[in-house]
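Q: Below is a structure I'd like to ask you about.
What follows is calculated from the coordinates using simple rules that are stated; it is not laboratory data. Please read these numbers as outputs of a predicted model, since none were measured by experiment. Neighbour counts are summed over all protein chains in view; Cβ atoms, including those assigned to glycine, are modelled from backbone coordinates with ideal geometry.
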Ligand SMILES: CC(C)(COP(=O)(O)OP(=O)(O)OC[C@H]1O[C@@H](n2cnc3c(N)ncnc32)[C@H](O)[C@@H]1OP(=O)(O)O)[C@@H](O)C(=O)NCCC(=O)NCCS
């Protein structure tokens, strides 16, 4: 007689842990990596570092299992805050991480007198424009030929779209 013993095992599901942290200079290499991955006109390491170290700015990262996958930089001014930069690691986009960072920022800002976010985006950056519209931003004005380096047509300028979210 032969016995067949079957042991049912549960699949191992590794829990994911999402965390939000204030950026520090120690994060600079992760930030530079994401910035250069995503932009044809990336901020330099110096510009990113200056923004992180500027005490006026609010700069946050989103990490999964301690790996930084995205960041957000904001400059508050009275009751408004300007989004200076937001970027999610290209391999992890369209999974809700941009929304999570944005909502985390809004929760933080609700503890202050700031009640609106303003930003400027290249007219060619359809992914970002779609992202902002999806999460409630509206287009409020256009700056003709604002950007010196056109992402798609070198030697031409590019319009900037100003968007605003009231919350
Ligand atoms: C803009 C950005 C931060 C969005 O982050 P994200 O994590 O991908 O966004 P979410 O997953 O939270 O939201 C997804 C929504 O954003 C928009 N979106 C994101 N990537 C898109 C793409 N490649 N094409 C079109 N829409 C896109 C869509 O509205 C999408 O919703 P859908 O999937 O239902 O169509 C990310 O695309 C990014 O890092 N882009 C490069 C840097 C950049 O351009 N920053 C903005 C400078 S102003």
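Q: In nanometres, what is the gap between the two model label sites at residue 127 and residue 156, each 7 Å from Cα along Cα-to-Cβ?
A: Modelled inter-label distance: 2.1 nm.
Q: Between 33, 137, 71, find the one with the highest GNM mean-square fluctuation for the chain; connect C-alpha pairs within less than 10 Å.
A: Comparing 33, 137, 71 in the GNM, the peak value goes to 33.
Q: Could I ask something else about it? Ranking 133, 101 by Cβ neighbours within 10 Å, fewest first, what do you get? Walk me through the numbers on the way to the answer.
A: On the way: 133 12, 101 21.
Final ranking by Cβ density, sparse to dense: 133, 101.
Q: Per 0.36 nm of contour for each residue apart, how much would the distance between residue 50 and residue 26 grow if the chain were fully extended, relative to their Cα-Cα spacing?
A: Fully extending the segment from residue 50 to residue 26 adds 7.4 nm.
Q: What per residue convex hull volume, in Å³, comes out for the chain when only alpha-carbon positions are used? Walk me through the intermediate numbers first.
A: Working: hull volume 28.3 nm³, N = 167.
Hull volume over Cα atoms, normalised by residue count, gives 169 Å³.
Q: Also, quick follow-up: By how many nm would the segment from residue 39 to residue 91 lengthen if fully extended, with 0.36 nm per residue of separation less the alpha-carbon distance?
A: Extra length from residue 39 to residue 91 when fully extended: 17.3 nm.
Q: Quick one: if you stick a label point 7 Å off each Cα along the C-beta vector at residue 17 and residue 116, how many nm between them?
A: Simple spin-label model gives 4.0 nm for this pair.
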